[in-house]
Amino acid sequence: MKVKGYIKEEYTEIANSFRKNFESYGELGASLCVYHNNKKVIDIWGGHKASKKDKEWNKDTVVPLFSTTKAIAASCLAICHSRGLFDYYRKVSEYWPEFGVENKNEITIEQLLQHRAGLSAIDEKLDTKKIKDRKFLDKIIAKQKPHWKPGDYQGYHVWNIGWYISSLLSRIEPKKRFLKEFLEQDVIPQIEGEVRIGVENNYEWTKIATLIPFSKIKGLFSMPISFVLEFFKPWSLSFKSMLNPSFVSNHSNFNKPEILQLEMGAGGGIGNARGLASLIDSLTNENHPLHIKNDTLEYLMKYPETPIKGWKDTVFKQDAFRFHAGFMKPSKNHNFAKSSKAFGGFGAGGSFVFYDPNHKLTVAYTMNKMSSKMMNMDRELNIRNSIYKTIANLL
């Protein structure tokens, strides 16, 4: 297995684990980037862009990221907070008055970004036409009624949180830009690699690796039965949260330009490990233009308090993931970092990025062959374990 890119000598074992993903866990194409003490120590890639194995994964290859996109959107908000443009503890309606209807007037930005606002599902059926019209979509999500009393539960805002972040950003940001424009104009020029949320029609489409979805049958058997049963109930909250818009039910649709051109800040982004790691590292690097102030970083590292009705996610039907400031946090069943202060994002299939402040470590991984597991995937665990073992040996 040929691996290309940069590897600092002391971190060679991590590159060996990356290679193992191909040799032992069936990886097709992937990229890995690691920063330690705000210095890039690994930036590697390998494999192929598609199942035919006729095109090699190269330095600039990008791939759909699914929910790892949420970490990109949350980073944009964190940058705005560091600029003094909003307060996480204030009500959403103070910045976005149209939001304050249908018993949503008291919802705070913190609650929204912790997936506790009751807005996991949009009652109106969405499609590509409605999503393209962002002002129309803005009105739809503003008038949505919560599906539970805000604060009582956490319920994964699978697709919607990106649109809520984008609409909020357009109110707090001086130039009134939505998420896509803010990312392209203020963030991408300052980082290495690539991360995007919605691409233009003239994008260099050959850069994008082809996703290889997992078998739906295999996926059903890898998930808790209580969650699986919800997919047979079109009226259930889980069904409405996970499968609106309907095109998201087929992961292959995220290989289509018409889908990747949509601004979907919760799951429609593309990127490579270099872009993800560079972005998250930049927030914590005092010498970087995107460096966030200490009070913002302290807030991101804070661990969320337990929801009033407990940690069982009302969409996932289990205690799975935990969220704060739009980022994922380590949890009992998905303990992705050695510190509870860590934050990041994980996507369907296996892409991820996270920052561990205790070890001054940023790790990002992207791939095109999707795993059927919801969390703790073999390839992900292999990389994570290798990184922490290497860091421990360096101390």
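A few remarks follow.
- Test: residue in segment 264-275 that is touching a His at 6+ places or on another chain (Cβ under 9 Å) and either small (G, A, S) or at pLDDT below 95 (or both): yes
- Residue satisfying all of: in segment 254-306; within 15 Å of L77 (Cβ to Cβ) and of a type in the set (G, A, S); nearest to the chain's Cα centre (by Cα) among these: A266
- Checked across segment 71-89, the condition of being within 22 Å of G345 (Cα to Cα), in contact (Cβ under 8 Å) with a residue 40 or more places away in the chain, open to solvent by 10 Å² or more (accessible area, probe 1.4 Å) and in a loop (DSSP other than H, G, I, E, B) holds for no residue.
- Number of the exception - N105 against (1) in a loop (DSSP other than H, G, I, E, B); (2) touching a residue at least 60 places away in the same chain (Cβ under 8 Å): (2)
- Tally of residues being part of a strand (DSSP E or B) and either open to solvent by 90 Å² or more (accessible area, probe 1.4 Å) or not basic (K, R) (or both) across segment 1-10: 4
- Checking each residue of segment 375-382 against the condition of being out of contact with any Phe, Trp or Tyr (no Cβ under 8 Å at 6 or more places or on another chain), closer than 25 Å to G193 by Cβ and among the basic types (K, R) gives no match.
- The one condition in (1) crowded, with 24+ Cβ neighbours inside 10 Å; (2) touching a Ser or Thr at 6+ places or on another chain (Cβ under 7 Å) that P357 fails to fulfil: (1)
- Any pair with Cβ under 6 angstrom, 6 or more apart, that starts in segment 19-38 at a residue that is basic (K, R) and ends at one that is in a loop (DSSP other than H, G, I, E, B) and open to solvent by 20 Å² or more (accessible area, probe 1.4 Å): R19/M1
- Test: residue in segment 90-112 that is basic (K, R), open to solvent by 20 Å² or more (accessible area, probe 1.4 Å) and farther than 29 Å from I208 by Cα: yes
- Look at segment 152-167: where a residue is under 12 Å from L137 (Cα atoms) and a partner is among the acidic types (D, E) and at pLDDT 95 or above, sitting 6+ places away or on another chain with Cβ atoms under 7 Å, you get S166/E263; S167/D138.
- Residues of segment 11-44 satisfying the condition of being over 24 Å from the mean Cα position of the chain (by Cα), open to solvent by 70 Å² or more (accessible area, probe 1.4 Å) and over 11 Å from I387 (Cα atoms): K20, E23, S24
- Test result for K135, surrounded by fewer than 17 Cβ atoms within 10 Å (Cβ to Cβ) and in contact with a Phe, Trp or Tyr (Cβ under 7 Å, 6 or more places away or on another chain): no
- Any hit, segment 131-154, residues being within 18 Å of the chain's Cα centre (by Cα) and under 28 Å from F343 (Cα atoms): yes
- Unique match (being in contact with a helix residue (DSSP H, G or I) (Cβ under 7 Å, 6 or more places away or on another chain), in a loop (DSSP other than H, G, I, E, B) and touching a residue at least 40 places away in the same chain (Cβ under 8 Å)) among D60, D43: D60
- Residue list for segment 370-395, restricted to those being open to solvent by 60 Å² or more (accessible area, probe 1.4 Å) and either of a type in the set (S, T, N, Q) or closer than 15 Å to A273 by Cβ (or both): N385, N393
- Residue list for segment 11-30, restricted to those being assigned to a helix (DSSP H, G or I) and of a type outside the set (A, V, I, L, M): Y11, T12, E13, N16, S17, F18, R19, K20, N21, F22, E23, S24
- When T366 is tested against (1) within 15 Å of the chain's Cα centre (by Cα); (2) open to solvent by 30 Å² or more (accessible area, probe 1.4 Å), only condition (2) is not met.
- All positions within segment 55-70 that are touching an Asp or Glu at 6+ places or on another chain (Cβ under 9 Å) and surrounded by fewer than 16 Cβ atoms within 10 Å (Cβ to Cβ): K59, D60
The values are calculated or read from the model by the stated rules, or taken from the named source; none is laboratory data. Just so it is clear, the model here is predicted, and its values are computed rather than measured. Cβ coordinates were reconstructed from backbone atoms using ideal geometry, including for glycine residues, and neighbour counts include every protein chain displayed. Each accessible area value is taken on the protein alone, full model and side chains, heavy atoms only, with ligands, DNA and RNA left out. Shrake-Rupley method; radii C 1.70, N 1.55, O 1.52, S 1.80 Å.
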